[in-house]
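Notes to accompany the following structure.
The values are calculated or read from the model by the stated rules, or taken from the named source; none is laboratory data. Small disclaimer: the values here were computed from a predicted structure and weren't measured. Ideal geometry is used to build each Cβ from the backbone, glycine not excepted, and the neighbour counts take in all protein chains shown. For the accessible areas, the whole protein counts, side chains as well, though only heavy atoms, and no ligand, DNA or RNA atoms are used. Shrake-Rupley method; radii C 1.70, N 1.55, O 1.52, S 1.80 Å.
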Amino acid sequence: MNRRPAILVVDDEPRSVEVIARVLDEEFDVFTALNAEEARRILENEWIQVIFCDQRMPQTSGVALLTEVRERWPDILRIIVTGYTEPEDMIGAINDAGIYQFIPKPWHPDQLLLAARNAAHLFQLQRDHERLNLEMKLTASNAEARLGALEARVKQNFHFDTLVRAPGSPLSQVCTRAAQVATFDVPVLIHGETGTGKELLARAIHYSSLRSDRPFFAVNCGAIPDELLESELFGHKKGSFTGAHVTRIGLLDQADGGTIFLDEIGDVSPAFQVKLLRFLQEGEIRPVGSNEAKRVNVRVLAATHRDLKGEVARARFREDLYYRLSAMVLTLPALRERRADIPVLAQSVLDALSSQHGKRVRGFSEETIACMSAYDWPGNVRELQNEVTRMLVLTERDSLSADLLSPHVVRAAAAETRAPETLANSSIALPDSGPLKDRIERMEATILTETLVRCRWNKSRAAEELGLSRVGLRAKLDRYGIARGGAFGQSH
């Protein structure tokens, strides 16, 4: 049960104290004192919120007592009950005692109750205000701490070490060079196939730079038309074109002091290349529809899957813009060029996906890893992520076996020779050289291995699917040297 507000009534006339206490007693805990000394003892031992005090008392006046209360217990609301209204007393009460309200005698019970209620409510509001102020200070402190922890976690998540790779990976050389250039405020051009992790490398450069506490924005230039790209980067004024209902601040303005990552820079039009070059030369932006230029300090990191030097030679990319963007050029190797990274990268992807989807899977079978390592991954890390996601969804076991792999991944592992051409009605890659007999045998070995992997090396199922007897299947396996855990298909 909540405690009622406590009120102290001070008056040297016992009858007056008794009447006031009787009026207030229904809603408040009332304490009474006949002099200043008694009042002090009560104030020192009870949590008083409002004090009613008579002005004319022997030895100590009401103003003198309430002045002392103001100094020692400033939160208490102070009310004077008096039959005298001398100007000097009123001025003293206001200036010295900080009186909340005067109640003249004779008073009405409703008047007394209303004053008590308002004063008690104001006391509670003061307490709430103090509490909220304290909580705001603590909240601000906690918010700063949380923000600092979040910034540290972001930097940790986008450090060069988070680009997953095996010891001795070609990617390590790229990361070492990127770490060297990160602290130098120069443009960097990142080259690499789609899905190799160009944006991850750009973020690692930003969060290892002196701009790490400032914004980082990424824009896919190849996915946005010129008009929208200009508005996205430079901003626009309200009414500058159809649909511009509000003024927009461009990303270059928002990134002032930080970094902007222009992905697929090789896909922008020659017209936009001129606008971008002007920004890089002048360090100024002019929003669409505005006549005023604004200086911004932004580091530019760009990326492309195209051969920009070749594009320059073919007059499809401005040479001066190329050199503005490429103070340092970093090339990310494709996944097929760092096959030793595939097992650790696949496991990292699986761990993240297992946690995200709440489906615990401990890892891959050796055969699965062998198949994945033999595949070229034209979509690079992005394709690998999709493949692991698919396997995780389909599996009913605690590890991912090779039969869950997409057929084209198994087929690539099974084939000793891979060729770019295929039969019109077949997805099996044809060997591109050798006598007809040898080429047919290599295809047969590929089909045998793919079928065995899909059937999880259940020879009875594989033989049935291929229309062979177990003896016939065993003979072909012996002939081609196909064994579980061995080569994917050796033709003799």
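For the stretch 312-402, run through the trypsin sites (Lys or Arg not before Pro) and keep only the ones in DSSP coil with at most 10 other Cβ atoms within 10 Å of their Cβ.
Here the trypsin sites (Lys or Arg not before Pro) that fit, given the DSSP loop and packing criteria, are ARG314, ARG360, ARG397.
For the pairs LYS198/LYS237; LYS198/LYS275; LYS238/LYS275; LYS238/LYS294, flag any whose C-alpha to C-alpha distance is greater than 29 Å.
On the way: LYS198/LYS237 33 Å; LYS198/LYS275 24 Å; LYS238/LYS275 21 Å; LYS238/LYS294 17 Å.
Pairs exceeding 29 Å: LYS198/LYS237.
Once label points are set 7 Å from the Cα along Cα→Cβ at both LYS105 and SER290, what is their separation, rounded to one decimal in nm?
Taking the simple label geometry, LYS105 and SER290 are separated by 7.2 nm.
Suppose every Lys and Arg Cβ carries +1 and every Asp and Glu Cβ carries -1, with no other charges. What dipole size does the chain come out with about its Cα centre, to the nearest 20 debye?
2920
Distance in nm between label sites at ASN297 and GLN254, each 7 Å beyond Cα in the beta-carbon direction?
It works out to 2.1 nm between the two label points.
Which value, in debye to the nearest 20, describes the size of the charge dipole of the stretch 243-288 about its Cα centre when Lys and Arg Cβ atoms bear +1, Asp and Glu Cβ atoms bear -1, and nothing else is charged?
220
At a Förster radius of 41 Å, what calculated FRET efficiency corresponds to the Cβ-Cβ distance of GLU199 and ARG479, to the nearest 0.05?
According to the calculation, E is roughly 0.25.
Computed from these coordinates, which is semi-axes √(5λ) of the Cα gyration tensor in Å: (1) 82, 35, 18; (2) 40, 31, 20; (3) 40, 23, 21?
Given (1) 82, 35, 18; (2) 40, 31, 20; (3) 40, 23, 21, the structure-derived one carries the label (1).
Using a Förster radius of 51 Å, what is the FRET efficiency between ASP398 and ALA223 based on their Cβ-Cβ separation? Nearest 0.05, please.
Given R0 = 51 Å and the Cβ-Cβ separation, E is 0.85.
Among HIS408, THR451, PHE160, whose Cα projects farthest towards the positive end of the dipole of the chain, with charges put on the beta-carbon of Lys, Arg (+1) and Asp, Glu (-1)?
Positive-end residue among those listed: THR451.
To test your reading of the geometry: what angle, between 0 and 90 degrees and rounded to tens, separates the Cα axis of helix 62-72 from the longest principal axis of the chain?
30
Against the longest principal axis of the chain, how steep is helix 380-394, in degrees 0 to 90 to the nearest 10, with axes from Cα atoms?
80
So what is the calculated 222 nm ellipticity per residue for the chain, using -39500 (n - 2.57) for each DSSP H run with n of 4 or more, over all residues, to the nearest 500 deg cm²/dmol?
Calculated at 222 nm, the ellipticity per residue is -15000 deg cm²/dmol.
Jot down the radius of gyration and Dmax of the stretch 310-353, Cα atoms only, both in angstrom.
For the stretch 310-353, the Cα radius of gyration and maximum Cα-Cα distance read 17.4, 46 Å.
Which aspartates and glutamates have a Cα lying under 14 Å from the Cα of LYS459, excluding residues fewer than 8 positions away in the same chain?
ASP403, GLU450, ASP478
Among ALA483, ILE103, LEU280, which residue has its Cα furthest toward the positive end of the charge dipole of the chain, with +1 on Lys/Arg Cβ and -1 on Asp/Glu Cβ?
Value computed over the given set: ALA483.
Can you give me the angle between helix 436-454 and the longest principal axis of the chain, using Cα atoms only, in degrees from 0 to 90, rounded to the nearest 10?
That helix lies at roughly 30 degrees to the long axis.
For ASP307, ASP54, ASP403, what's the largest-to-smallest order of accessible area, 1.4 Å probe?
I get ASP307, ASP403, ASP54, largest accessible area first.
Set the Förster radius R0 to 60 Å, insert the Cβ-Cβ distance between GLU18 and PHE241 as r into 1/(1 + (r/R0)^6), and round the FRET efficiency to 0.05. Could you put the intermediate results ahead of the total?
Numbers: r = 81 Å, r/R0 = 1.35.
So, using R0 = 60 Å, E works out to roughly 0.15.
Any idea of the accessible area per residue across the chain, 1.4 Å probe, to the nearest Å²? Display every interim value, and only then the final one.
On the way: 26190 Å² over 492 residues.
That works out to 53 Å² per residue.
Sort HIS305, HIS357 by heavy-atom solvent-accessible area, probe 1.4 angstrom, most to least.
HIS357, HIS305
Using alpha carbon coordinates only, what is the Rg to Rh ratio of the stretch 202-316, with Rh defined as the Kirkwood radius?
My calculation of the ratio gives 0.98.
Run the dipole for the stretch 277-344 about the Cα centre, Lys and Arg Cβ at +1, Asp and Glu Cβ at -1, nothing else charged, and hand back the magnitude in debye, nearest 20.
About 120 debye.
How much net charge surrounds HIS245 when only the other residues with a Cβ under 15 Å from the Cβ of HIS245 are counted, with Lys and Arg +1 and Asp and Glu -1? It would help to have the intermediate numbers written out before the result.
Details: positive: LYS237, LYS238, ARG248; negative: none.
My count for the surroundings of HIS245 gives +3.
Just to confirm a number: summing +1 for Lys and Arg and -1 for Asp and Glu over residues other than GLN173 whose beta-carbon lies under 15 angstrom from that of GLN173, what do you get?
Overall, the nearby charge balance is 0.
Give me the percent of accessible area attributable to carbon and sulfur for the chain, probe 1.4 angstrom.
Its accessible area is 51 percent carbon and sulfur atoms.
Any idea which of ALA271, ALA313, LEU229 is furthest toward the positive side of the dipole for the chain, if Lys and Arg beta-carbons carry +1 and Asp and Glu beta-carbons -1?
The listed residue farthest towards the positive side: ALA313.
Would you grab the residues whose amide H sits under 5 Å from the one on PHE364? Only those 5+ places off in sequence or on another chain, please, with H modelled 1.01 Å from N.
Distant-sequence amide H within range of PHE364: LEU400.
Which GluC sites (Glu not before Pro) in the stretch 351-415 pass both tests, a DSSP loop state and at most 14 other beta-carbon atoms within 10 Å?
Details: sites: GLU366, GLU367, GLU383, GLU387, GLU396; in loops: GLU396.
Of the GluC sites (Glu not before Pro), the ones in loops of the stretch 351-415 whose Cβ has at most 14 other Cβ atoms within 10 Å are GLU396.
Aspartates and glutamates within cross-link reach of LYS309: Cα-Cα under 14 Å, excluding same-chain residues under 8 positions apart?
Straight-distance partners of LYS309: ASP267, GLU319, ASP320.
Ratio of the stretch 160-218's C-alpha Rg to 2.2 N^0.38 Å, to two decimals? Mind showing how you got there, number by number?
Working: Rg = 11.4 Å, N = 59, 2.2 N^0.38 = 10.4 Å.
In units of the globular-protein estimate, the stretch 160-218 measures up at 1.10.
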